[in-house]
Amino acid sequence: MTAAPRPLEARASGALRGRLRVPGDKSISHRALILGGLAVGRTRIEGLLEGEDVLRTAAAMRAFGADVERGTDGVWIVDGVGLGGLAEPEDVLELGNSGTSARLLLGVAAAHPVTTFMTGDASLRRRPMGRAAEPLQRMGARIVARQGGRLPLAVTGAASPVPLEYALPVPSAQVKSAVLLAGLNAPGATTVIEPAPTRDHTERMLRHFGGVVDVSDGPEGRRVTVSGQPELRSADLVVPGDPSSAAFPIVAALLVSGSELLIEGVGVNPLRAGLFETLREMGAAIELRNRRLEGGEPVADIAVAASPLVGVDVPAQRAPSMIDEYPILAVAAACARGRTVMHGLAELRVKESDRLSAIAEGLRRCGAEVSVEGDTLVVEGKGRPPKGGTRIETQLDHRIAMSFLVLGLVAEAPVSIDDAAPIETSFPGFAELMRGLGAELR
Ligand code: S3P
């Protein structure tokens, strides 16, 4: 039985102020559980995101035989089975809304001689898995999926996986990671060539666990090579705040006049920082303070103050470094003065929803002028927020949900969403946190 939808409404709010932390990085949290489960020994993870997506990965790693527990102090403990040591899950892995769980765990399962069944919610069952399955089949896995490479699927992993050199047809960190994770169990070197560099959390964390990863830039793109069959040793981790979650209070503070926020301990990996660069070009007062390295990842405190924004051109090359941030950027663009053109957004069509359509339709319903030309999104900013006064269907998409709630904080009339439940996948406590800063959400 599915739970009843939970509508939520956002109204014009007074200045947002305060100091806050956002939940742990989703991408890093998945990887911490997976690599902790593949390493030998005990890994302690501080700041793990306890969102539904990550809890799906935790449950899956348990089904594969790792011990994964949350301590009473909030620190997660993973006792790994060691590379090659995964057990066969007794039941279907239910991965909910989580594309990262599906693709990364497919890579893990593809290189272990066990048979694994996977499924997910209506959103995940629509998303393409063939992009990950295809290279993994070349490494020796047998994968049977529904038409279009969709879930549910079954994978029988290769007993002796073959190392692979693979040029990614789409810039996807999930596909890259699936191949690299499978390559860990293959003898010799497995290489992924990326047309454009995507988030490198898998590479950084592999090194943290004692793996050998070589990265070089060549004429075909970035070559990322893992050496197979390393000794992965358990390693403690601190997960930084998720910049993709920080994006919502940041844009809210930029738009609501008089706002001032300090968000502590946010991940600022350059391959995730495209939104900050873009907002600065739009005139945003955003300052990165106290930059440091934690567990191999760059972290900073982010100070932000309400700012008048102008429209800009966002080049396609920047898309991988802010791929999850276009919904909230489009909201900022709708309140800016002038035209914002966002290029190279084809991948948005295969996210938790078809985000290109969801953004365009939602903004139009709020009274903004928007067009989609191929994979380019154009938003005509009028220098003031759109009128709002509508209800948005979030289509099981957490980022669509949060983006339109942020718009409701500045629109003339309230904006509501049909269901706030999907927000739990990545940002548990979003509404309470925003209310604590002064946002009118009910
Ligand atoms: C992610 C990669 C991106 C991103 C997703 C998380 C990851 O997906 O949209 O939210 O953790 O590797 P793609 O690899 O499909 O671009």
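The values are calculated or read from the model by the stated rules, or taken from the named source; none is laboratory data. Computed from a predicted model, the values in this text were never measured in an experiment. When we count neighbours, we look across all protein chains shown, and the Cβ atoms used for this are built from the backbone with ideal geometry, even at glycine. Protein only, heavy atoms only, side chains kept; ligands, DNA and RNA dropped before computing areas. Shrake-Rupley method; radii C 1.70, N 1.55, O 1.52, S 1.80 Å.
Things worth noting here:
- The GNM of the chain, with springs linking C-alpha atoms under 10 angstrom apart, assigns the highest mean-square fluctuation among A182, A330, A167 to A167.
- Restricting attention to region 26-232, close to 85% of DSSP beta bridges with both partner residues there are antiparallel.
- Dipole size of region 132-235 about its Cα centre, with +1 on Lys/Arg Cβ and -1 on Asp/Glu Cβ: approximately 380 debye, rounded to the nearest 20.
- Accessible surface, 1.4 Å probe, highest first, among residues K176, K387: K387, K176
- Within the same chain, aspartates and glutamates fewer than 8 places from K351 are excluded, and of the rest, those with a Cα less than 15 Å from its Cα are D53, D121, D324, E325, D375, D397.
- A Förster radius of 51 Å, combined with the Cβ-Cβ distance separating Q229 from A413, puts the computed FRET efficiency at roughly 0.25.
- Probe 1.4 Å, accessible area per residue of the chain, Å²: 36 Å²
- Between the listed residues L356, L407, Y326, the Cα displaced farthest toward the positive end of the dipole of region 326-442, a dipole computed from Cβ unit charges relative to the Cα centre, is found at L407.
- Net length available on complete extension from L288 to D214 is 23.7 nm, with 0.36 nm assigned per residue and the Cα-Cα distance removed.
- Size of electric dipole in the chain: Cβ of Lys, Arg +1 and of Asp, Glu -1, about Cα centre, debye, nearest 20: 500 debye
- Remark: region 26-232 is approximated by an ellipsoid whose semi-axes, taken from the C-alpha gyration tensor as √(5λ), come to 23, 20, 16 Å, largest first.
- Estimated FRET transfer efficiency when R0 is 35 angstrom, pair E281-R391 (beta carbons, to 0.05): 0.60
- Simple Cβ-charge dipole of region 26-232, Lys/Arg +1 and Asp/Glu -1, about Cα centre, in debye nearest 20: 560 debye
- Shape parameters for region 44-148, alpha-carbon atoms, Rg then Dmax in Å: 14.2, 45
- Within region 334-442, the GluC sites (Glu not before Pro) that combine a DSSP coil assignment with at most 14 other C-beta atoms in a 10 angstrom radius are E412.
- Furthest towards positive pole of dipole, T340, S416, A186, structure part the chain, Cβ charges: T340
- Taking only the alpha carbons of region 132-260, we obtain Rg and Dmax values of 18.1, 61 Å in that order.
- Accessible surface of region 26-232, 1.4 Å probe, proportion on carbon and sulfur as whole %: 49 percent
- Taking the protein heavy atoms of region 255-327 in the context of the full set of protein chains, the accessible area attributed to carbon and sulfur is 51 percent at 1.4 Å.
- With Cα atoms as the point set, the radius of gyration and Dmax of the chain evaluate to 21.1, 61 Å.
- Options L309, M139, A252, ranked by Cα towards positive dipole end of the chain, top entry (Cβ charges): L309
- Scaling against 2.2 N^0.38 Å puts the C-alpha radius of gyration of region 363-421 at 1.13.
- Cross-link reach is defined here as a Cα-Cα straight distance under 17 Å, omitting same-chain residues fewer than 8 places apart; for K382 the aspartates and glutamates meeting it are D313, E369, E412.
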